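Asker: For reference, the structure I am asking about is given below.
Derivation of every value follows stated rules applied to the coordinates shown; laboratory data play no part. Computed from a predicted model, the values in this text were never measured in an experiment. All Cβ positions, glycine included, derive from the backbone under ideal geometry; neighbour counts span all protein chains shown.
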């Protein structure tokens, strides 16, 4: 399985006239919010680098950086209704940050989506319009 070890490296995309930045979307094409967020970006002339994170999950370092950029703790970025959340006892308050991140790396389905990342900011696309704050 290939891992995405960088949140940088997307193509430069114009966000405003004369302003270019790298933009990446951690995307699940089966998710309606993820599709809506990608469409919203494209409607604004932004063609982001698309990481289908179920096929190319972020590694530990990348996930830690995403969490820091989002200002979230691991459990805040987890899909708590997924069976993996229950099966692995991830609601246990005694689990460490490291253990929760390891679970997300091992089971990327647990990661809430979509996540849009620019050079130094990130936003969770729930609702999709929330990503406009990082452009």
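Asker: So, in nm, how far is label residue 73 from label residue 95 when the simple model puts each one 7 Å beyond its Cα toward the Cβ?
Answerer: Result: 1.3 nm between the two label points.
Asker: Express the Stokes-Einstein translational diffusion coefficient of the range 50-112 in µm² s⁻¹, to the nearest whole number, given a Kirkwood radius over alpha-carbon pairs, 25 °C and a viscosity of 0.890 mPa s.
Answerer: The diffusion coefficient I find is 210 µm²/s.
Asker: Extension gain residue 129-residue 65, at 0.36 nm per residue separation less the Cα-Cα distance, in nm?
Answerer: Full extension from residue 129 to residue 65 adds 20.8 nm.
Asker: If packing is taken as the average number of other Cβ atoms within 10 Å across a peptide's residues, how do 89-98, 41-50, 54-63 rank, most packed first?
Answerer: Averaged packing, sorted descending, gives the order 54-63, 41-50, 89-98.
Asker: Can you give me the Kirkwood hydrodynamic radius for the chain, using every pair of distinct Cα atoms, in Å to one decimal?
Answerer: With all distinct Cα pairs of the chain included, I get 15.0 Å.
Asker: Counting only DSSP beta bridges with both residues in the chain, tell me the antiparallel percent, nearest 5.
Answerer: 70
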